[in-house]
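Participant: Have a look at this one.
What follows draws every value from the coordinates through simple rules; no lab data is involved. The structure presented is a predicted model; accordingly, all values stated were derived computationally and were not measured. Virtual Cβ from ideal backbone geometry, glycine too; neighbours counted across all protein chains shown.
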Amino acid sequence: MNKRLEKCIEIASSLRPHKQNGRSFHATFIFDKKRIISIGTNDYNKHHPYHKMGKYLGYKENPENYQPCLHSEISALLRLGEEECSRYTFVNVRIDNNNKTTIAKPCLNCQKVLDGVGYKAIFYSDSENGFSKIGR
């Protein structure tokens, strides 16, 4: 899996816009075994109905840092177009404005959505080139 995680960092870095709104760039990769079948990125200019309830929760928890947007997990799921994902592995990567990886654990709202569609495992960047796992 390490080579796949390294590849995700490489792809996320190449997708990151030179100028971006917001603090960080997030990318979510959905794998079917060893093959990437969907990539989603966050977009600070878009929203999705999945975040209506979460917007309120996120704001209550951290109002000074909350920036509603289309999260990369939701973007990847929308691009995939499937409602049952229990056989897939998700990889979240967050690239900060210094082009370094940092923590990309799904927010509470995205975690609820992922729990609803199912997953085999979720890997997320937790530091510079480090990853943690949420598994079932």
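Participant: If the chain between Glu84 and Asn98 were fully stretched, how many nm would it gain, using 0.36 nm times the residue separation less the Cα-Cα distance? Don't skip to the answer; put the middle values down first.
Facilitator: On the way: separation 14, 0.36 × 14 = 5.04 nm, distance 3.58 nm.
Taking Glu84 through Asn98 to full extension adds about 1.5 nm, to one decimal.
Participant: Give me Tyr119, Tyr88, Tyr44 sorted ascending by neighbouring Cβ count inside 10 Å, so fewest comes first.
Facilitator: Working: Tyr119 17, Tyr88 24, Tyr44 14.
Listed from fewest to most nearby Cβ atoms, that is Tyr44, Tyr119, Tyr88.
Participant: At 0.36 nm per residue, and after removing the present C-alpha to C-alpha distance, how many nm does the segment from Arg4 to Ser127 gain when stretched out fully? Present the calculation step by step, with values, prior to reporting the outcome.
Facilitator: On the way: separation 123, 0.36 × 123 = 44.28 nm, distance 1.65 nm.
Full extension from Arg4 to Ser127 adds 42.6 nm.
Participant: Work out the FRET efficiency for Asp115 and Ile36 from their Cβ-Cβ distance, taking R0 = 25 Å, and round it to the nearest 0.05. The partial results should precede the final answer.
Facilitator: Details: r = 22 Å, r/R0 = 0.88.
That gives a FRET efficiency of 0.70.
Participant: Along the Cα→Cβ direction, 7 angstrom out, place labels at Ile134 and Ser13. What is the inter-label distance in nm?
Facilitator: Distance between label points: 2.6 nm.
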